[in-house]
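Student: Shown below is the structure under consideration.
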Amino acid sequence: MKVAVMGAGAVGCYYGGLLARAVPGAGHAVTLIARPVHVEAIARAGLRLETQGFDEPVRVQASSDPAAVAGADLVLFSVKSGATEEAGAQIRPHLKPGALLLCLQNGVDNAERLRTVLPDHTVAAAVVYVATEMAGPGHVKHHGRGELVIEPSAAAIAPALIAAGIPVEINDNVRGALWAKLILNCAYNALSAISRQPYGVMVRGAGVPEVMADLVAECLAG
């Protein structure tokens, strides 16, 4: 399978790297479309994929040109939410007929927004549960988890994802799962940022569980 990652930051590099590494000697052909600083580092030494189980370079192609999606069977779409329509328009002239786009973005409506820009292509939403960071140019570091919840329209790629070590759940209510993730993020992330504490430490603070419960209740009421 030929795979392109549009907006290859920490999330896109992690999943793209796993697919490229999938089977020794038989990984998928992956092209990362990323910022020049990452493209230059990957061209020199490959993508450094540092996980909790291994730390090694992975051979991938890299480009800063959206036209590099050309010929891809699968596009992992992982740009920032605010750039959804712009990035969709950039890749539209270069997409292969029948290409599948899987949205690996935070937010609840990115797939719908992308469909308005790419009405002739299958766009599937996904919920991403992974902790990753770009630890340096061309270096993605995995901190935990990694599962995806995907729509039935993307079920055909589930075997390839699973073979690459990516846990996958096919769910016909991905929009509901996206909302659930958003509400949990509202409860955890702001308090974690304000307190500058990781979740496990933060939740043991006096009064924190009550504040989190109030935040969830407010989200549900809204």
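Student: Provide the per-residue ³J(HN,Hα) series for segment 167-173, in order, calculated from phi with Karplus coefficients 6.51, -1.76, 1.60 and θ = phi - 60°, each as a whole number of Hz, with x at glycine and proline positions.
Tutor: With coefficients 6.51, -1.76 and 1.60, one gets x, 10, 10, 9, 9, 7, 10 Hz.
Student: Kindly point out which whole DSSP H helices in the chain project their C-alpha atoms 24 angstrom or further along the helix axis while averaging a Kyte-Doolittle hydropathy of -0.5 or above.
Tutor: 174-195
Student: Still on this model: Normalised radius of gyration for segment 126-222, please: alpha carbon Rg relative to 2.2 N^0.38 Å, two decimal places.
Tutor: This ratio for segment 126-222 stands at 1.31.
Student: Something else now. Over what distance in Å are the Cα centres of segment 165-222 and segment 1-78 separated?
Tutor: If we compute the Cα centre of each part, the gap is 29 Å.
Student: Using a simple spin-label model with points 7 Å from Cα along the Cα→Cβ vector, what separation in nm is obtained for R145 and A158?
Tutor: Label-label distance for R145 and A158, simple model: 2.0 nm.
Student: Starting with the highest mean, order 110-118, 69-77 by the number of other Cβ atoms within 10 Å, averaged over the residues of each peptide.
Tutor: Details: 110-118: 18.2, 69-77: 22.2.
Per-residue Cβ counts within 10 Å, averaged per peptide and sorted highest first, yield 69-77, 110-118.
Student: Can I ask one more? Considering only protein heavy atoms and a 1.4 Å probe, what is the carbon-and-sulfur percentage of the accessible area of segment 177-221?
Tutor: 67 percent
Student: Given H placed on each backbone N at 1.01 Å, which residues far from V168 in sequence or on other chains put an amide H within less than 5 Å of it?
Tutor: For V168, the qualifying residues are L148.
Student: Let me ask something additional. How big is the Rg/Rh ratio for the chain, C-alpha atoms only, Rh by Kirkwood, two decimals?
Tutor: For the chain, the value is 0.99.
Student: Sticking with this one: Of I183, I194, which has the most accessible area with a 1.4 Å probe, and how do the rest follow in descending order?
Tutor: Greatest to least solvent exposure: I194, I183.
Student: Right, next: Starting at the first residue of segment 143-148, write each ³J(HN,Hα) from the Karplus equation 6.51 cos²θ - 1.76 cosθ + 1.60 with θ = phi - 60°, in whole Hz, x for Gly and Pro.
Tutor: The phi angles translate into 9, x, 6, x, 6, 10 Hz.
Student: Kindly state, to the nearest 0.05, the FRET efficiency for D65 paired with E112, given R0 = 25 Å and r defined as their beta-carbon distance.
Tutor: Here the calculated transfer efficiency is 0.40.
Student: Only Cα pairs within less than 10 Å get springs; with that Gaussian network setup on the chain, which residue of V127, V201, V108 has the largest fluctuation?
Tutor: Sorting by GNM fluctuation, first place goes to V201.
Student: For the chain, what does -39500 (n - 2.57) per DSSP helix run (n ≥ 4), summed and divided by total residues, give at 222 nm, in deg cm²/dmol to the nearest 500?
Tutor: The helix-only estimate for the chain comes to -11000 deg cm²/dmol at 222 nm.
Student: Next question, about the same structure. How high is the FRET efficiency from W179 to K2, r the C-beta distance, R0 35 Å, rounded to 0.05?
Tutor: Efficiency, from the Cβ-Cβ distance: 0.60.
Student: Compute the Cα gyration tensor for segment 19-69, then decide on rounded, prolate or oblate, letting a ≥ b ≥ c be the square roots of its eigenvalues: rounded whenever a/c is under 1.5, prolate when a/b is larger than b/c in the other cases, and oblate in all that remain.
Tutor: Oblate shape, in that a/c is at least 1.5 and b/c is the bigger or equal ratio.
Student: Given H placed 1.01 Å from N in the peptide plane, which residues other than close sequence neighbours of A126 have an amide H under 5 Å from its amide H?
Tutor: Under 5 Å from the amide H of A126: C103, Q105.
Student: Something else now. Which aspartates and glutamates, on any chain, are close to K80 with Cα under 18 Å apart, when same-chain ones fewer than 8 places away are left out?
Tutor: D65, D109, E112, E133
Student: Given a cut-off of under 8 Å on Cα pairs at least six residues apart, what relative contact order in percent is computed for the chain?
Tutor: Computed over the chain, the figure is 18 percent.
The values are calculated or read from the model by the stated rules, or taken from the named source; none is laboratory data. Treat the numbers as computed from the prediction; the structure is a model and nothing was measured. Cβ atoms come from the backbone with ideal geometry, glycine included; neighbour counts cover every protein chain shown. Ligands, DNA and RNA are stripped out before the accessible areas are found, and what is left, the full protein with its side chains, is counted by its heavy atoms. Shrake-Rupley method; radii C 1.70, N 1.55, O 1.52, S 1.80 Å.
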